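Before any comments, here is the structure.
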Amino acid sequence: MAKILFIDDDRQLCKVLGRKVTGMGHDAMSVYTLADGLQEIARDSYDVVFLDVRLPDGNGLEILPAIRESSSQPEVIIMTGKGDPNGAELAIKSGAWDYIEKPSSISDMVLPLVRALQYREAKRAAEAAVMVRRGGIIGKSVQIRDCLDQVGHAAASNVSVLITGETGTGKELFAWAIHANSPRAHRSFVAVDCASLSDTLVDSVLFGYEKGAYTGADQARDGLILQADGGTLFLDEVGELPLAIQKTFLRVLQEHRFRPLGRKNELQSDFRLVAATNRDLDQMVREGQFRSDLFFRLRSFTIELPPLRKHPGDIREIATQCMKRFCECNKTGPKKFSPEFLDAIEIYDWPGNVRELINTLERVFTVALHETTIFPYHLPIPIRVKIARASIWKGMAEPSASSGSDEEEFPTIQDLRDTTITKVEREYLKSLMSFSGGDINRACELSGLRRSRLYELMKKYKLSGYSKFAPVPFEEFPHPVEQHLHMNEAVSPDQTDRSQHGDDTDD
């Protein structure tokens, strides 16, 4: 018996579908807003969720990721009264099981449910039979779990696998996981960095050569393809494979036969291919930079790794595991993260993904080698600057609590201005004191505030406790005037009540 949740403001449709689902022997529950839907999913576990797009409190597609990331990871079937190709694409990319239009017949709406339940049953049986060995892969988010599910599927066959994703997302780790979970795990895993292969060396590196095949070949050497016999050949950055060798490699991939340089007869290698790239191979094919026939052969099974900014919930676990490993390797005592440090690394968008995070943590470990607690102060200055700026702009972007939709509660422009300035000033001062390490002189230098005015504002917003931070080198920090420019565009200069807010800058 499965549990089905309907999130749709069409009460009659929910009633009809609920009866049908109950008649099939399942439990059905209906709610009529996004807020109630999220609350119900947090309260109970569900196998399938029917989610409407247009709801009284928002667009259903906005909560689709949250539903998929809930503890029960239900399958989500999107229902919409008005089809939208872009919405359908977004739904599928966000992990929806299906996307159906209303009004459809009851049987047409129930069929996706039947298929989704069959899939979940088969998936549970497969998970019970095989537990994927993660190796160095860290993360419990739905995005990482989905990728690991695909690793399990890929490992069970010999099909070629293409792993895509931005630089630093861990493509080689996932390639290794495919190898480690396959029947070939006891044989070699041979990694090839295609970006380092020049046109003159690629043949000898991949195929090997006989003694005397060319000047300097004083002895025979096996190529990487032969070394991968019985195991896995991993082509990293396959998009950089020279165009001249792509046709030759396509034949090798099809026949598993090749001829080393200087050899008369061919050799055979039973390798399994896993390739990875951070480039758009579709675009490269269109531009004639990559062979379409090789591309189609490579992408028999594709795993797309998400950037770290798409699964920030894994950042804390990655940071904790990495710091623990650094401490063990360097034989130091354990270190703990301050709450502010964990908040800071979750704010940063990590353009270099997991690799940048790990490299940053290693640098943080070195800086805090003889300390037991790690603070935001230990982060590199460029990252701290970006975090400070991001926190301020986020505060400015958040809607004011007084900006309600009811006409009776609509604020005057002066009320809006006062509320917004108060919010921005407080966020600015918090970031300023953290960035300056609690050094009042440095804070005044960065902000342009007089010492007396800075103390006055800190007292106003009840900010204290920054003296524990040490000073940091000077870097560009946003001046208060810069922050108010965007907000004051709607307010003319003669509306600015300087007597109320004070003159914050030195003459």
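Rule-based calculations on the coordinates, nothing more; no lab input. These numbers come from a predicted model, not from an experiment. Positions of Cβ are backbone-derived with ideal geometry, glycine not excepted, and every protein chain shown enters the neighbour counts.
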Report the residues of region 250-285 in range of a label on Phe296: point 7 Å along Cα→C-beta, backbone N strictly under 18 Å from it. 250-255, 281-285
Extension gain from Leu173 to Glu356, taking 0.36 nm per residue of separation minus the Cα-Cα distance: 64.4 nm
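Using the 10 angstrom Cβ neighbour count as an exposure proxy, how do Arg426, Arg417 rank, fewest first? Please list the in-between numbers first.
Numbers: Arg426 16, Arg417 21.
Listing Arg426, Arg417 from fewest to most nearby Cβ atoms yields Arg426, Arg417.
Are there trypsin sites (Lys or Arg not before Pro) in region 34-83 that DSSP puts in a loop and that have at most 10 other Cβ atoms within 10 Å, and which ones? Could the numbers behind the result be given before it?
Details: sites: Arg43, Arg54, Arg68, Lys82; in loops: Lys82.
Those that pass, being in a loop and sparsely packed, are Lys82.
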Please identify every one of the chymotrypsin sites (Phe, Trp or Tyr not before Pro) in region 340-393 that sits in a loop by DSSP and has no more than 15 other beta carbons within 10 Å of its own beta carbon. none
By a straight-distance test (C-alpha under 19 Å), which lysines pair with Lys386 as possible cross-link partners, with residues fewer than eight away in the same chain excluded? Lys310, Lys394, Lys430
For Met323, Met131, Met433, what's the fewest-to-most ordering of other Cβ within 10 Å of each Cβ? Met131, Met323, Met433
Spin-label pair Thr200/Asp9, simplified geometry with 7 Å Cα→Cβ offset, distance in nm: 7.0
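What's the FRET efficiency of Arg450 with Glu328 using the Cβ-Cβ distance as r and R₀ = 51 Å, to the nearest 0.05? Before the final figure, lay out each step's value.
On the way: r = 49 Å, r/R0 = 0.97.
Efficiency at R0 = 51 Å is approximately 0.55.
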Can you sort Glu210, Glu121 so the residue with the fewest Cβ neighbours within 10 Å comes first? Glu121, Glu210
What is the list of residues in region 1-26 whose amide nitrogen lies under 16 Å from a point 7 angstrom out from the Cα of Leu111, following Cα to Cβ? none
Please state the charge dipole magnitude for region 1-47, taken about the Cα centre, from unit charges on C-beta atoms (+1 on K and R, -1 on D and E), reported in debye and rounded to the nearest 20. 220
Using a cut-off of 20 Å between alpha-carbon atoms, which lysines can reach Lys102, once sequence neighbours fewer than 8 places away in the same chain are excluded? Lys15, Lys20, Lys82
Between region 36-89 and region 193-269, what is the separation of their alpha carbon centroids in Å? 49
Restricting region 254-338 to trypsin sites (Lys or Arg not before Pro) in coil, as DSSP defines it, with at most 13 other Cβ within 10 Å: Lys264, Lys331
